[in-house]
Amino acid sequence: MALHPPSGGTAGPPGHDLHHHGDVDAAEGLVDFAVNVQGDGPPHWLRDRLAATLDGLGRYPGAEHDAQARAAAGARHGRPPEQVLTLAGSAEGFALLPSLAPRHAVVVHPGFTEPEAALDDAGIEVTRVLTHARDGHVLDPAAVPADADLVVIGNPTNPTGVLHPAEVIRSLARPGRVLLVDEAFADAVPGEPESVAGDTTLAGLLVFRSLTKTWALAGLRAGYALGDPVLLQRLAAPRPQWPVSTLALEAIVACCEPAALSAADQRARELAGHRVEQTAALDALEGVDVLHGSAPYLLLHLPDGSGDIVRARLREEGIAVRRCDTFPGLGPDHLRVAVRPPRTARVLVEALDSALRDLAVPA
């Protein structure tokens, strides 16, 4: 692990565009391995559920509907409604982090960059704790400064796909510290074995959950935060009126119901099988190192100096992958690829194999 000094309010070292995300790498007509959303849109039952709310869009989102969404999400995680804050996607939650006014904020990297970007944009200095490939990008809790009053970590972490044990996550809690666990991809892990979303005893715990990935709702922006009511009030202090749309509230209700949870777990199990197949196929390519994770994406390391060329070649072949030099701790020879069904995954494997073979042929 390496402890970086505070960033001094900067956006990180050159090349780390913290606001860059996979949707920028994807484009219409490309086979999309850059974005981790599963599928092109929500299933028909969810579409029908959302469509049924359209006649009510002439009214502002109601407090009763918000309460219903909080109750549904709370029941899912064994929490009372007052421990739930509905969000316009997890991204809204990250944008609200400056309202917590941390004195010493820490973000674990490589990880989702939006939390640091939001803090940085507000002029709040951030200390980076880097995990390393030599350790499988597993976090050593001792690397986190003891005086940190805000610690942010993803579980599973994006883009490494590492699923940290719940006991390691819990060990990061301290009196006077907010521990934010980004569980945007937790429902893509069968059984959610390391989730702390239902932990109501850990002081300072804040968990963000997203509906975007499993239910293909990236365009709707729906999620929620879990935590102590006082902490949620602090987080929500700068929000405007009606921050979460009627459609998003209904999505939260629908996706937290027992039938939806069962369907999500079945999807996660199918995805786990696809990940095993895709990992094996990519592992077989000469020069490709695959980090074996537990998420709906894989982190690849290509031969030194080949990353930019390979990305461009894949794009010429109609394939979008996520560049990773925007993640602190990674470089241009790292790529993140979404896990896809075997037939689609073969398109990536064959194109990547061809690109690497061409690079190996002397000019």
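The values are calculated or read from the model by the stated rules, or taken from the named source; none is laboratory data. Nothing here was measured: the structure is a model prediction, and the numbers come from that model. Counting neighbours? That spans all protein chains shown, and the Cβs are built from the backbone with ideal geometry, glycine included. What goes into the accessible areas is simple: the full protein's heavy atoms, side chains included, and nothing from ligands, DNA or RNA. Shrake-Rupley method; radii C 1.70, N 1.55, O 1.52, S 1.80 Å.
Per-structure values
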quantity	calculated
Hey, A142 open to solvent by 10 Å² or more (accessible area, probe 1.4 Å), not aromatic (F, W, Y) and not in a loop (DSSP other than H, G, I, E, B) or not	yes
Check on A188, in contact with a helix residue (DSSP H, G or I) (Cβ under 7 Å, 6 or more places away or on another chain) and either within 30 Å of W45 (Cβ to Cβ) or crowded, with 23+ Cβ neighbours inside 10 Å (or both)	yes
Members of the range 54-71 found to be open to solvent by less than 50 Å² (accessible area, probe 1.4 Å) and under 13 Å from V244 (Cβ atoms), listed by number	P61, G62, H65, D66, A67, A69
G111 being touching a residue at least 24 places away in the same chain (Cβ under 8 Å), over 19 Å from the mean Cα position of the chain (by Cα), closer than 20 Å to D17 by Cβ and assigned to a loop (DSSP other than H, G, I, E, B)	no
Condition check for R221: open to solvent by 50 Å² or more (accessible area, probe 1.4 Å), part of a loop (DSSP other than H, G, I, E, B) and of a type in the set (K, R)	yes
Qualifying residue in the range 253-274 (condition: assigned to a loop (DSSP other than H, G, I, E, B) and over 23 Å from A338 (Cα atoms))	yes
Count - residues of the range 324-360 that are at pLDDT 95 or above, open to solvent by 40 Å² or more (accessible area, probe 1.4 Å) and aliphatic (A, V, I, L, M)	1
Some residue of the range 306-328 being out of contact with any Lys or Arg (no Cβ under 7 Å at 6 or more places or on another chain), free of Cβ contacts under 8 Å to residues at least 60 places away in the same chain and in a loop (DSSP other than H, G, I, E, B)	yes
Qualifying residue in the range 90-102 (condition: touching a helix residue (DSSP H, G or I) at 6+ places or on another chain (Cβ under 6 Å) and assigned to a loop (DSSP other than H, G, I, E, B))	yes
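Rundown of residues vs (1) open to solvent by 20 Å² or more (accessible area, probe 1.4 Å); (2) assigned to a strand (DSSP E or B); (3) modelled with pLDDT of 95 or more, yes/no style:
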site	(1), (2), (3)
V129	no, yes, yes
A146	yes, no, yes
P156	no, no, yes
A203	yes, no, no
R209	no, yes, yes
